[in-house]
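The values are calculated or read from the model by the stated rules, or taken from the named source; none is laboratory data. Just so it is clear, the model here is predicted, and its values are computed rather than measured. When we count neighbours, we look across all protein chains shown, and the Cβ atoms used for this are built from the backbone with ideal geometry, even at glycine. The protein model used for the area step is the full one, side chains on, heavy atoms only, and it has no ligands, DNA or RNA in it. Shrake-Rupley method; radii C 1.70, N 1.55, O 1.52, S 1.80 Å.
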Amino acid sequence: VYIIHHIIGGIFFSAGVIIEDCEPFIAYLLATELSTPFLNMHLAIDKNNPYRVIGSGLFALSFNLVRVLPIPIYLYALYQTLGYFSINKKSTLVTVCSLTTIPIPAILNGLWSVEIFRNVANAVSGGGDKEKKN
């Protein structure tokens, strides 16, 4: 899934740049990758290593700062561009692809943030330790 995600993203990023559409959305999506090194740190460090807590915390913080907090602005920008496609006589294919793919990252980031919040709450409350004891 990780590889497919990046292949599809690369195709749509490239298409957006080539047809000179949606550059602000592409820039935002590239900026969201600032949280990826912390995700990799979280995944690469052994669960028993105390540095994993730091990596996990940095991932949760960066994910919410660069992916979740901007979602309202991102969706408002999408709303503001609705007339852009007809005014600039963009093809139906470009319009449909843009309007159906642009909201997907915001939706996914919102859903993933719920899971990240649950994991952080579980770690802070000691819920993870209870599972290990059983």
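Here the calculated FRET efficiency for I104 and I54, from their Cβ-Cβ distance with R0 = 35 Å, stands at 0.70, rounded to the nearest 0.05. Per-residue ellipticity at 222 nm computed for the chain from its helices equals -23500 deg cm²/dmol, with DSSP H segments shorter than 4 residues left out and the rest contributing -39,500 (n - 2.57).
Taken one residue at a time, the phi angles of region 86-96 give Karplus couplings (6.51, -1.76, 1.60, θ = phi - 60°) of 6, 4, 8, 6, 6, 5, 4, 4, 5, 5, 5 Hz. Gly and Pro are set to x. Shape call for the chain from the C-alpha gyration tensor, a ≥ b ≥ c root eigenvalues: rounded (a/c under 1.5), prolate (a/b greater than b/c) or oblate? It is prolate, given that a/c is not under 1.5 and a/b is the larger ratio.
V94 sits with roughly 30 Å² accessible to a 1.4 Å probe, with DNA, RNA and ligands left out of the calculation. Simple rule: put +1 on each Lys or Arg Cβ and -1 on each Asp or Glu Cβ in the chain, find the dipole, and look at H5, L93, L82; the Cα lying farthest toward the positive end is H5. Loop-located trypsin sites (Lys or Arg not before Pro) in region 16-89 (DSSP state not H, G, I, E or B) with no more than 10 neighbouring Cβ atoms inside 10 Å: K47, K89.
Between the Cα long axis of helix 103-125 and the first principal axis of the chain there is an angle of about 10°, rounded to the nearest 10. Seen from K90, the other residues with C-beta closer than 15 Å to its C-beta sum to a net charge of -2, counting Lys and Arg as +1 and Asp and Glu as -1. If R0 is 30 Å, the Cβ-Cβ spacing of R118 and E33 corresponds to a FRET efficiency of close to 0.85. Rounded to the nearest whole Hz, the Karplus-based 3J(HN,Hα) values (6.51 cos²θ - 1.76 cosθ + 1.60, θ = phi - 60°) of region 16-28 follow the sequence x, 5, 5, 8, 6, 10, 6, 4, x, 5, 5, 4, 4, with x at glycine and proline. Taking amide hydrogens as placed 1.01 Å from N in the peptide plane, the amide H of D21 sits under 5 Å from that of no residue at least 5 positions away in sequence or on another chain.
Where Lys and Arg each count +1 and Asp and Glu each count -1, what net charge lies around Q80 among other residues with Cβ under 15 Å from its Cβ? Overall, the nearby charge balance is -2. Taken one residue at a time, the phi angles of region 31-43 give Karplus couplings (6.51, -1.76, 1.60, θ = phi - 60°) of 5, 5, 6, 4, 7, 4, x, 6, 5, 4, 4, 4, 6 Hz. Gly and Pro are set to x.
Dipole of the chain computed with +1 at Lys/Arg Cβ and -1 at Asp/Glu Cβ about the Cα centre; of V124, L61, Y28, farthest Cα towards the positive end is V124. When a 1.4 Å probe is rolled over the protein heavy atoms, the share of accessible surface on the chain that falls to carbon and sulfur comes to 72 percent. Applying both filters, DSSP loop and at most 12 other Cβ atoms within 10 Å, to the chymotrypsin sites (Phe, Trp or Tyr not before Pro) of region 33-134 eliminates every site. Entry comment: accessible area of the chain is 70 Å² per residue, from protein heavy atoms only and a probe of 1.4 Å.
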